[in-house]
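Some notes on the structure that comes next.
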Amino acid sequence: MDQLPFELRFMHKFNIHKTSGLNIDDNDLVSMARIYGVKPKELKKLEMQFSKRIGAAARDLKEKLGVKPAEQPYTIAAIGDSLTSDRESYVKILNHLWKEDGSRVLIDCGISGDTTYDIVKRFYHTILNQEFSWATILLGTNDSRANDDEYNHSFLSVDEFKRNMVYIIENLIKRQKNLVLITIPSTDTKRMKAYFPDFNMKYDAQRVKKTNAVIRELSSKYGTELADFSVRLQERGIDGLESDGIHITIEAHKVLCELLLESLP
């Protein structure tokens, strides 16, 4: 495992195998173990831990909100980055919650590290090759990241982010997909730097606010559903960040699940 850039748990939790572009099923632990240079039993052990936490989160939601099957079965494409492609994410929790009636299912269309530009590049071969009638879009965190130097230059400008989001939204609406746009949670550069000391990157809180303003604007313009995740976390007084300052805790994912259950039929 010495060749891995991060600890194995991090690699598996955020599906880093997907960044290789290989077409590997999310449940193919043997192939993933081969990529990481570990034994499959190590990934199976992690899977048991993740599954236990996912199951507990789904039970909590069920006790709090109850579960009603959809009137008509449908599939949702979850478009995003590592906040979506996380083995303890809202995708996993809701799929566990819905598995008994089988009337709804979320497809993980996220890839860790992706910006909206990356989504546009892979739009046809990882999103539109799926069958779905709804899509959730949780993007903007990676767009807002910048190298920590005097130029303060984000990976993508606000205008570039908006242009890419318009492309994604209009493309999906043209294909008669129903959309839920999700605002992004806050980040913590101090925690990120401690967790990734060699990255020399940062987040600008004002840029994150501008990103969320664009998401709200586009939701209003195109008449989509809006899951204002950022506001809901603030209202609950939840920090919601993992120790790396970027990814969100399973408690925060549960909050997002509640929001999506308010928006989805």
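The values are calculated or read from the model by the stated rules, or taken from the named source; none is laboratory data. Computed from a prediction, not measured in an experiment: that's the story for all the values here. Cβ atoms come from the backbone with ideal geometry, glycine included; neighbour counts cover every protein chain shown.
Worth pointing out:
- Of the residues in the range 188-203, at least one is surrounded by fewer than 18 Cβ atoms within 10 Å (Cβ to Cβ), hydroxyl-bearing (Ser, Thr, Tyr) and closer than 23 Å to Arg53 by Cβ.
- Residue list for the range 171-213, filter: among the polar types (S, T, N, Q), closer than 21 Å to Thr84 by Cβ and assigned to a helix (DSSP H, G or I): Asn171, Thr211, Asn212
- Within the range 1-46, being out of contact with any Leu (no Cβ under 8 Å at 6 or more places or on another chain), among the aliphatic types (A, V, I, L, M) and assigned to a loop (DSSP other than H, G, I, E, B) holds for Leu4, Leu22, Ile24.
- Exactly one residue among Asp101, Asp118 is of a type outside the set (Gly, Ala, Ser), modelled with pLDDT of 95 or more, surrounded by fewer than 21 Cβ atoms within 10 Å (Cβ to Cβ) and under 28 Å from Arg175 (Cα atoms), and that residue is Asp118.
- Residue within the range 69-92 that is over 21 Å from Ser112 (Cβ atoms) and in contact with a His (Cβ under 7 Å, 6 or more places away or on another chain) present: no
- Candidates Gly37, Gly21, Gly55, Gly66: the one that is closer than 30 Å to Asn178 by Cα, surrounded by 11 or more Cβ atoms within 10 Å (Cβ to Cβ) and free of Cβ contacts under 8 Å to residues at least 40 places away in the same chain is Gly21.
- Every residue from the range 220-238 that is without any contact (Cβ under 8 Å) to a residue 24 or more places away in the chain and not in a helix (DSSP H, G or I): Gly223, Gly237, Ile238
- The lone exception for Lys174 - which of (1) among the basic types (Lys, Arg); (2) surrounded by 22 or more Cβ atoms within 10 Å (Cβ to Cβ); (3) at pLDDT 95 or above it fails: (2)
- Residue in the range 69-78 that is surrounded by 14 or more Cβ atoms within 10 Å (Cβ to Cβ), in contact with a Ser or Thr (Cβ under 8 Å, 6 or more places away or on another chain) and in a loop (DSSP other than H, G, I, E, B) present: no
- Candidates Ala135, Ala56 - the one that is assigned to a helix (DSSP H, G or I) and modelled with pLDDT of 95 or more: Ala56
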